[in-house]
Amino acid sequence: MNDARRTTVPTPPQGEEIASFATYLEAQKAVDVLADSAFAVQAVTIVGSDLRMVERVTGRLSYPRVALAGALSGVWFGLFIGLLFSMFNENGMATIVVCVSLGAAFGMLFGVISYAFTGGKRDFVSQSQVVASRYDVLCLSELAGDARSRLQQAGITTVGRGQGHGQGTAFGPGGPGAPAAPGPVGDPASRPTPTPPEALEPPRYGQRLDDPPQR
């Protein structure tokens, strides 16, 4: 029971990046090459980066198009109902024709009414999908070298070793991995008092200076 629950929990991808592609089909082809060479593909993961929601407009909506789409939907529903009724009726073909006709009529009417209620706010048809700008192929570290060599033999460009996925590095003044310089700490009273600007100003001409104190 506990093992089944662990497998359903989403976990971040692990492994080294062995190849990177601009399209999913190229990443799929790379995994197919590994599978065809009897590689342990269960150690491979395809990760899509920079996800975007894309909505592609496929056409313009109008009353004739809405009516036709509603009629086609009603035909399929009427055909299903007609086949059910024809099992218990001697004149099965006539029953199917009547059900198909009624389904087309009601589907057309329902589609036109639904489109009229939109008020022309969405007069187009579209398809939405989530796409990535890059697809990385990851593999477990112990098998990454073998996977790269197999892909290179197939003529597929690979990524160098040591480029893990999702490994962030902290940057400080001393370079990557160096801690940032700490800010001023301590008691404010222990800090040196700044010299006022008038004490640093040189004496003016003709101005009498006080005699220095006698030792």
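Quick rundown of the values:
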read-out	value
FRET efficiency estimate (nearest 0.05) - Cβ-Cβ, Gln14 to Gln153, R0 30 angstrom	0.75
Rg to Rh, two decimals, where segment 62-122 supplies the alpha carbon set and Rh follows Kirkwood	1.16
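None of the figures in this text is laboratory data; all of them are computed from the coordinates on show. What you see is a predicted model; the values in this text were computed from it and never measured. When we count neighbours, we look across all protein chains shown, and the Cβ atoms used for this are built from the backbone with ideal geometry, even at glycine.
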